[in-house]
1. Give the residues of the stretch 164-179 that are open to solvent by less than 30 Å² (accessible area, probe 1.4 Å) and either out of contact with any Phe, Trp or Tyr (no Cβ under 6 Å at 6 or more places or on another chain) or modelled with pLDDT under 90 (or both), sorted by residue number.
2. Looking at the stretch 105-149, which of the residues that are among the hydrophobic types (A, V, I, L, M, F, W, C) and open to solvent by less than 60 Å² (accessible area, probe 1.4 Å) is modelled with the lowest pLDDT?
3. Scan Ala98, Ala87 and give me the residue that is without any contact (Cβ under 8 Å) to a residue 12 or more places away in the chain and out of contact with any Cys (no Cβ under 6 Å at 6 or more places or on another chain).
4. Among what's in the stretch 197-233 and is open to solvent by less than 60 Å² (accessible area, probe 1.4 Å) and of a type in the set (Gly, Ala, Ser), pick the residue that is modelled with the highest pLDDT.
5. What is the residue count in the stretch 85-99 for residues that are outside any loop (DSSP other than H, G, I, E, B) and either closer than 23 Å to Val188 by Cβ or of a type in the set (D, E, K, R) (or both)?
6. Which one is farthest from Arg209 (Cα to Cα), of the residues in the stretch 180-193 that are open to solvent by 40 Å² or more (accessible area, probe 1.4 Å) and of a type outside the set (A, V, I, L, M, F, W, C)?
7. Out of Val99, Val48, I need the residue that is among the hydrophobic types (A, V, I, L, M, F, W, C) and touching a Leu at 6+ places or on another chain (Cβ under 6 Å). Which one?
8. Out of (1) in a strand (DSSP E or B); (2) at pLDDT below 75; (3) among the aliphatic types (A, V, I, L, M), what's the single condition that is false for Leu102?
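The values are calculated or read from the model by the stated rules, or taken from the named source; none is laboratory data. On a predicted model such as this, the values are computed, not experimentally measured, just so you know. Cβ: placed from backbone, ideal geometry, glycine included. Neighbour counts: every protein chain shown. Protein only, heavy atoms only, side chains kept; ligands, DNA and RNA dropped before computing areas. Shrake-Rupley method; radii C 1.70, N 1.55, O 1.52, S 1.80 Å.
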Amino acid sequence: MIRVLLVEDDPMVAELNRLYLGRVPGFEMVASARSASEALDLLRTHTVDLLLLDIFMPGQSGLELMEEIRRQALDVDVIFVTAARDAATIDRALKLGAVDYLIKPFEFERLKQAFERYGETRRLIREGQTLDQTELDKRLARRPAERPATQGLPKGLDRNTLDKVLQAIAAWQGDPSWFTSEEIGQQVGISRVSVRKYFEFLCTLKVLRMEPGYGTGGRPVHRFQLQRAYLREAHRFL
């Protein structure tokens, strides 16, 4: 079993990543941390194989944490899961030895691919296999995973878009409880009308709670609130 430490300061995003992790066989989350200092303390008291690490955190950044890990020669690998997308940051992360780098919002299949590729590499090392160049090239190649067909979603809804909507909701930085379809649409990059279709579906699963309201000119502006206890219901469709 590959033991994972999740380092993410946003509790909603951390919960989503924990659910994702639970869907990949062979991996278990041994602990979670909300800061670099907390992560270092946990690395000293827990056996950890892999860090799932954000870059933007209060105090030390994820990059600074990884630099400290390298200074202390701690035996742990790192996959970055972050909104940081500038070339200099990505270059620094890779030079520090990150085994993968995922940019938020990402699709579950991409994270699953990262875990499975990492797990296969760990297996080869553990078994002490000798590889020829062809086999090594195949292991090092980063081919995109094939996406399975959407299962169970209502007509007109897309699994990957649902995944992005859920991630945008989890990362919401406005009012701590309430948001509108327009606000989430801006985060995801799709129209308010399209987001409403996903919100209506999530409401039927009790993942979202709706509060009717009206804006200027009497236009309906409904607010929504995430019901965390039902989040697993949405993940059955991803």
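1. Leu166, Gln167, Ala168, Ile169, Ala170
2. Among those residues, the one meeting the criterion is Ala145.
3. Ala87
4. Top of the filtered list is Gly213.
5. 5
6. Checked the stretch 180-193; the qualifying residue farthest from Arg209 (Cα to Cα) is Gly189.
7. Val48
8. If we test Leu102 against (1) in a strand (DSSP E or B); (2) at pLDDT below 75; (3) among the aliphatic types (A, V, I, L, M), just (2) comes out false.
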